[in-house]
1. How large is the helix-only mean residue ellipticity at 222 nm for the chain, computed as the sum of -39500 (n - 2.57) over DSSP H runs with n ≥ 4, divided by its residue count, in deg cm²/dmol to the nearest 500?
2. Of all accessible surface on the chain at a 1.4 Å probe, what whole percent is carbon and sulfur?
3. What FRET efficiency comes out for Ile133 versus Asp93 if R0 is 22 angstrom and r is the Cβ-Cβ distance? Round to the nearest 0.05.
4. For segment 1-82, what size does the Cα cloud have along each of its three principal axes, sorted from largest down, in whole Å?
5. How long are the three semi-axes of the equivalent ellipsoid for the chain, computed from the Cα gyration tensor as the root of 5 times each eigenvalue, in whole Å, largest first?
Amino acid sequence: MSRWAARSDVDFLLDETTTWAVVGLSGDPTRTAYSIAALLQRRGKRIVPIHPAATDGLEVLGERAYPTLAGVPFEIDVVDVFRRSEAAGQFADEAVEVGARGVWFQLGVVDEAAFARTTAAGLRMVMDTCPAIEWRRRG
């Protein structure tokens with residue numbers, strides 16, 4: 001487990017949340033974001049594709065896509081970020097702004113300053129791991 005992934009936060013985000021905004025999710029089934037979003041759906045989560053190229057009416061995995069987190073007209077529980085580390089922090093900040101309950105930075109995505117800001121704002125945050133890995137660890 002990543003040193004930025006407390007077991008209590010991983011368990012909370014996997015077990016106690018429903019709506020996951022997946023930043024970087026496009027309709028390309030060869031991308032990791034797509035396969036993880038599909039896994040989230042199989043695990044009972046509602047996914048919300050967030051991609052700057054999202055146009056009106058675009059759907060990914062049967063869900064309407066939005067160009068920004070701020071444009072989502074309903075509550076988001078978790079913001080799951082598939083972006084380079086240097087671009088990820090802005091989405092943690094936006095998660096705080098939209099009232100999300102948690103932020104998940106995928107495997108290889110590390111921004112210690114964003115982690116500090118997000119947790120100081122009271123959100124749960126997991127960084128540098130993947131829900132698929134964490135569900136496998138739990139058995």
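The values are calculated or read from the model by the stated rules, or taken from the named source; none is laboratory data. Keep in mind it's a predicted model, so treat the numbers as computed, not measured. We place every Cβ from the backbone using ideal geometry, glycine too, and count neighbours over all the protein chains shown. Surface accessibility is based on the protein's heavy atoms, side chains included, excluding ligands, DNA and RNA. Shrake-Rupley method; radii C 1.70, N 1.55, O 1.52, S 1.80 Å.
1. Values: 5 runs with 51 residues, N = 139.
So the helix-based figure for the chain works out to -11000 deg cm²/dmol.
2. Values: 3120 of 6600 Å².
Carbon-and-sulfur percentage of accessible area, whole number: 47.
3. Numbers: r = 25 Å, r/R0 = 1.15.
Step by step, r from the Cβ atoms, then E = 0.30.
4. Here the Cα extents, ordered largest to smallest, are 38, 28, 22 Å.
5. On the way: eigenvalues 87, 58, 38 Å².
Each semi-axis is √(5λ); the values are 21, 17, 14 Å.
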